[in-house]
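Here's the structure, in structure tokens; my notes come after.
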Amino acid sequence: MTDEQLRVAVVGAGIMGTDHIERLATRTKGAMVAAIVEPDGSRAAAASALAPDAAVHARIEEALDAGGVDAVLIATPGPFHKAVLLPALEAGLAVLCEKPLAPTVEEALEVLEAEQRLPAPRIQVGFMRRFDAEYAALESLVRSGDAGELLLLHCAHRNPSVADTYTESMTITDSVVHELDVVPWLAGAGIGAIEVRAGRRNRASRFADPQLVLLELENGVLADVEISVNAGFGYQVTTEAVFERGVAEIGRAAGPIRAQDGRVGVAEHRSYTTRFAAAYDTEVQRWVDAARRGGIDGPSAWDGYRVAVASAAGVEAQRTGRRVEVAPQQAPAFYRP
Ligand code: ISE
């Protein structure tokens, strides 16, 4: 690593990869985009316009062989994560891996085993909601005990629409995966069981949508998650937390209240890239700062593994209509603070 800058290879130049390239090139301090790894020529060209000095490669191995890289930001689809994570770990590089860590429990375990051959954790997983200011304030409220113990969480996760390649199980593995991370983080307890229900179907959908996911936490907190991926009107992620002595709500649309043409209203987001823009900025900055010190500052590969276990249970619950228990997980010493 140079004295000043963490030289980052961004792998995958789709929506999130391009968003991160722009972020690293314009807003993140102490880092630069040294390489872009993207096999699709037109995506690579569009991304390289945002970071003209970055080398462009089709494969991670080429970028690693070329040298000049201190860290890897992985933004490919989940099924390709392991193929990038293993060589990046082998090279001892810092990693920020977009969610999910891996698409299966087996692959997540393989990644954990590879990381544990290093002296300390090097993988941070991109569960950006933990860096959102309102989520962080809610987590502090839970920890403070000011409103009493947390009892319930009502979560809504609404996407305006999804691509044709999005399948029903992705409601769990690609979308609710965020709640599988952030709900235990807020509640301070692991997930003990999951149930998934579907009722009347939105006629805009190819599969059951919306769905309700019920998470039972090991400390008795219950969380219900509405996942809608054909909500049409916009992108919305809200949480209402019920405590012994009060209720707190986060995620409501904010900004100028505009009155015009007989209506009064606030603009809503249409994409996670704007809804969580500030959270991504904080996440990436904290990862860069920690990577320069040789560590991580956010969800670890162990968190990613726990989510993979819960996700597998969620997909089974969705497929069978049954309540599926999740075995308690004990973090290896390597991942304990
Ligand atoms: C997408 O991949 C994300 O990570 C978004 O945060 C989530 O809201 C969306 O449903 C996913 O498809």
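What residue, among those in the range 98-138 that are of a type in the set (Lys, Arg) and closer than 19 Å to Phe334 by Cα, is surrounded by the fewest Cβ atoms within 10 Å (Cβ to Cβ)?
Here is the first cut: in the range 98-138, the residues of a type in the set (Lys, Arg) are 99, 117, 122, 129-130.
The next check asks that each one be closer than 19 Å to Phe334 by Cα; those that pass are 117, 122.
Values: Arg117: 9, Arg122: 23.
Taking the candidates together, the pick is Arg117.
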Residues within the range 83-140 that are assigned to a loop (DSSP other than H, G, I, E, B) and of a type outside the set (S, T, N, Q), tallied: 16
Within the range 39-67, tally of residues that are more than 13 Å from Val11 (Cβ to Cβ) and in contact (Cβ under 8 Å) with a residue 24 or more places away in the chain: 4
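Can you name every residue in the range 166-177 that is within 9 Å of the ligand (Cβ to nearest atom) and out of contact with any strand residue (DSSP E or B) (no Cβ under 7 Å at 6 or more places or on another chain)? Spell out the reasoning first.
Applying the first criterion (within 9 Å of the ligand (Cβ to nearest atom)) to the range 166-177 yields 166, 170-171, 174-177.
Across the range 166-177, the qualifying residues are Tyr166, Met170, Asp174, Val177.
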Failed item, numbered, when Ala88 is tested on (1) under 23 Å from Leu222 (Cα atoms); (2) under 20 Å from the mean Cα position of the chain (by Cα): (1)
Flag for Asp146 being within 16 Å of the ligand (Cβ to nearest atom), at pLDDT 95 or above and of a type in the set (Asp, Glu): no
Per-region count, the range 237-289, residues over 20 Å from Cys155 (Cβ atoms), of a type in the set (Asp, Glu), more than 16 Å from the ligand (Cβ to nearest atom) and surrounded by 11 or more Cβ atoms within 10 Å (Cβ to Cβ): 1
Residue tally, condition within 15 Å of Val37 (Cα to Cα) and crowded, with 21+ Cβ neighbours inside 10 Å, over the range 83-97: 6
Selection from the range 39-80 of residues that are in contact with a Gly (Cβ under 9 Å, 6 or more places away or on another chain) and within 25 Å of Ile296 (Cα to Cα): Leu73, Ile74, Ala75, Thr76, Pro77, Phe80
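Take Ala193 and tell me if it is touching a Lys or Arg at 6+ places or on another chain (Cβ under 7 Å) and away from the ligand (no atom under 16 Å from the Cβ).
On the way: touching a Lys or Arg at 6+ places or on another chain (Cβ under 7 Å): yes; away from the ligand (no atom under 16 Å from the Cβ): yes.
Yes: the conditions hold for Ala193.
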The lone exception for Ala163 - which of (1) surrounded by 15 or more Cβ atoms within 10 Å (Cβ to Cβ); (2) within 16 Å of the ligand (Cβ to nearest atom) it fails: (1)
Selected residue (only one of Val266, Val288, Val284 is assigned by TED's automatic domain parsing to the domain that holds Ala137 and of a type outside the set (Gly, Ala, Ser)): Val266
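The values are calculated or read from the model by the stated rules, or taken from the named source; none is laboratory data. Fair warning: this is a prediction, and the values are worked out from it, not measured in the lab. Positions of Cβ are generated from backbone atoms using ideal geometry, with glycine treated the same way; all protein chains shown enter the neighbour counts.
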